[in-house]
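The values are calculated or read from the model by the stated rules, or taken from the named source; none is laboratory data. As the structure is a computational prediction, the values presented were derived from the model and not from experiment. Methodologically, a virtual Cβ is constructed for each residue, glycine included, from the backbone with ideal geometry; neighbour enumeration extends over all protein chains shown.
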Amino acid sequence: MRLLNGLLLLPTVLRTAIAYSTLSDDSLRTIPSAGADFDIKTGAILAPILQPRVPGTPGSTAVLEHLADFFRNNLPKWKVSFQNSTSTTPLSNGREVPFHNLIATRDPPWIDREGEVGRLALVAHYDSLIHPTGFIGAIDSAAPCAMLLHAARSIDDALTRKWEAMQAEAESSDFSGLEMDEHKGVQILLLDGEEAFQSWTDTDSLYGARAMAEEWEQTVYAASSTYSTPLASIDLFVLLDLLGSPNPTVPSYFKTTHWAYQHMADLEFSLRRLGLFKSAPAKDPDRPSAVDDQFFLHEAGKADTDQWLGGYIGDDHLPFMARGVEVLHLIPAPFPRVWHKIDDDGEHLDMNTVEDWALLTTAFAAEWLELEGFMTADGGGKVRERDEL
Ligand SMILES: [Zn+2]
């Protein structure tokens with residue numbers, strides 16, 4: 001599989017190699033697990049999300065406050081903002097229902113104006129389906145939201161260290177500024193109103209995503225900016241959905257982001273090799289390919305001539321993709337059995353799989369943000385100097 005990848009992807013690897021350095025095994029080992037914070041009853045991150053959160057209801061407000069408070073209380077360097085809209089729905093009898101998207105952004109500290117940072121956007125929706133009554137939506141998408149909060153906190157210190165090192169380096173050298181391709185930021189987008197109220201149509205679905213994509217396309221930065229709009233500032237839109245059931249298989253949906261899918265598949269391979277995946281199946285030495293068969297991301301070796309499913313799944317990426325944003329869609333096909341059923345609740349999550357997705361997402365973000373050399377173990381391992389790498 002790995003040799004095949006290399007051969008197939010040579011052109012894109014060359015295109016992206018300059019800005020991309022992979023994470024070492026040592027760095028992968030430093031990524032913390034969410035542990036008790038993902039407990040479905042008492043966990044500080046996950047438990048408060050596991051309640052009905054239909055847009056415009058008290059549950060929605062409570063969950064949004066929990067998500068925002070997580071950043072405000074634990075990650076003060078992240079800027080929290082909201083993109084708000086209203087819309088009627090087929091069930092609202094003409095009443096305007098409010099939709100609130102949460103945006104948590106962390107940019108390099110020397111950035112002092114809009115339009116100078118390209119960002120990795122990590123995205124999930126926090127609203128839940130209105131039917132059946134009492135529906136929790138644990139995989140859809142409480143658990144993905146929890147994974148993103150954990151990823152944000154797990155890269156936070158390394159980001160601080162990296163950017164401090166970059167600033168120190170710039171100040172101590174003749175070099176008067178930091179190179180443009182080093183202006184990389186990260187954004188967590190927790191979207192509202194993904195679900196349809198009655199049945200899925202272009203107007204009854206994706207309420208939050210449609211409002212945000214439209215507004216972000218129309219918000220134009222100064223003409224001298226590197227990026228023209230907040231929408232254009234998204235380098236890659238990574239959408240997590242329906243994650244948390246056991247044995248997921250996530251295809252590579254889009255040719256244009258297959259290179260990113262392959263980076264994540266490589267990370268999955270490494271994490272399994274290091275024994276860091278909790279859901280990892282026992283390896284069968286008589287059938288080495290069995291490991292590949294059981295990968296979450298099982299299509300790393302996909303060829304251009306294979307079938308690509310991009311465009312078949314309606315989800316929050318669509319309004320962004322229609323405006324030219326590059327998308328990596330992490331959603332299993334087939335959908336998990338509990339999808340839109342009353343038993344999509346905390347008790348039916350496979351916690352090992354939830355932990356593994358959180359780990360993999362964190363690793364992907366850390367690699368994207370080039371945190372090699374700045375990741376340290378919980379409890380304070382030695383911070384290695386860049387020169388040692
Ligand atoms: Zn859903």
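If Gly134 passes every condition in (1) within 16 Å of the ligand (Cβ to nearest atom); (2) at negative phi; (3) of a type outside the set (Lys, Arg) but one, which one does it miss?
Going through the list (1) within 16 Å of the ligand (Cβ to nearest atom); (2) at negative phi; (3) of a type outside the set (Lys, Arg), Gly134 breaks only (2).
Of everything in segment 136-159, what is β-branched (Val, Ile, Thr), out of contact with any strand residue (DSSP E or B) (no Cβ under 9 Å at 6 or more places or on another chain) and part of a helix (DSSP H, G or I)? Give them in sequence order. If you could, list the steps in order and put the result at the bottom.
So the first thing to find is which residues in segment 136-159 are β-branched (Val, Ile, Thr), and the list is 136, 139, 155.
Next cut, out of contact with any strand residue (DSSP E or B) (no Cβ under 9 Å at 6 or more places or on another chain) only: 136, 139.
Selection gives Ile139 alone.
Hey, any hits in segment 344-361 for a residue that's farther than 18 Å from Ala213 by Cβ, within 18 Å of the chain's Cα centre (by Cα), buried (at least 19 other Cβ atoms within 10 Å of the Cβ) and small (Gly, Ala, Ser)?
The answer is yes; a qualifying residue exists.
Give just the number: which of (1) out of contact with any helix residue (DSSP H, G or I) (no Cβ under 6 Å at 6 or more places or on another chain); (2) touching a residue at least 60 places away in the same chain (Cβ under 8 Å); (3) under 27 Å from Asp356 (Cα atoms); (4) surrounded by fewer than 20 Cβ atoms within 10 Å (Cβ to Cβ) does Leu75 not satisfy?
(1)
Looking at Ile45, Ile49, can you tell me which residue is farther than 30 Å from Asp204 by Cβ, crowded, with 19+ Cβ neighbours inside 10 Å and touching a residue at least 40 places away in the same chain (Cβ under 8 Å)?
Exactly one of Ile45, Ile49 is farther than 30 Å from Asp204 by Cβ, crowded, with 19+ Cβ neighbours inside 10 Å and touching a residue at least 40 places away in the same chain (Cβ under 8 Å), namely Ile45.
Taking the options Gly56, Gly6, Gly35, name whichever one is modelled with pLDDT of 95 or more and not aromatic (Phe, Trp, Tyr).
Checking each option against the conditions leaves just Gly56.
What is the number of the single condition among (1) within 16 Å of the ligand (Cβ to nearest atom); (2) in a loop (DSSP other than H, G, I, E, B) that Pro90 does not meet?
Result: Pro90 fails condition (1) only.
Just give me the residues in segment 226-245 being away from the ligand (no atom under 16 Å from the Cβ) and either modelled with pLDDT of 95 or more or closer than 17 Å to Phe320 by Cβ (or both), in sequence order.
If the condition is that a residue be away from the ligand (no atom under 16 Å from the Cβ) and either modelled with pLDDT of 95 or more or closer than 17 Å to Phe320 by Cβ (or both), then Tyr227, Ser228, Thr229, Pro230, Leu231, Ala232, Ser233, Ile234, Asp235, Leu236, Phe237, Val238 are the ones that fit.
So, in segment 320-341, exactly how many residues are in a loop (DSSP other than H, G, I, E, B), away from the ligand (no atom under 13 Å from the Cβ) and among the β-branched types (Val, Ile, Thr)?
The total comes to 1.
Residues Glu169, Glu116: which one is over 17 Å from Ala358 (Cα atoms), part of a helix (DSSP H, G or I) and of a type in the set (Asp, Glu)?
Every option except Glu169 fails the conditions.
When the residues of segment 295-314 are narrowed to those that are surrounded by 16 or more Cβ atoms within 10 Å (Cβ to Cβ) and of a type outside the set (Phe, Trp, Tyr), which ends up modelled with the lowest pLDDT?
The initial filter retains those residues of segment 295-314 that are surrounded by 16 or more Cβ atoms within 10 Å (Cβ to Cβ), namely 295-302, 308, 310, 313.
Now drop any that are not of a type outside the set (Phe, Trp, Tyr), which leaves 297-302, 310, 313.
Values: Leu297: 96, His298: 93, Glu299: 94, Ala300: 94, Gly301: 92, Lys302: 92, Gly310: 80, Ile313: 93.
Checked segment 295-314; the qualifying residue modelled with the lowest pLDDT is Gly310.
Looking at Ala121, is it free of Cβ contacts under 8 Å to residues at least 60 places away in the same chain, away from the ligand (no atom under 16 Å from the Cβ), of a type in the set (Gly, Ala, Ser) and closer than 18 Å to Leu371 by Cβ?
No.
If we keep just the residues of segment 116-136 that are in contact with a Phe, Trp or Tyr (Cβ under 9 Å, 6 or more places away or on another chain) and over 17 Å from Gln187 (Cβ atoms), which is surrounded by the fewest Cβ atoms within 10 Å (Cβ to Cβ)?
His131
List pairs: first residue in segment 267-283 and farther than 19 Å from Ala366 by Cβ and modelled with pLDDT under 95, second residue hydrophobic (A, V, I, L, M, F, W, C) and in a loop (DSSP other than H, G, I, E, B) anywhere in the structure, Cβ distance under 9 angstrom, at least six positions apart or on different chains.
Ser279/Phe296
What tally of residues in segment 316-338 results from selecting those that are crowded, with 21+ Cβ neighbours inside 10 Å and of a type in the set (Asp, Glu)?
Of the residues in that region, 1 qualify.
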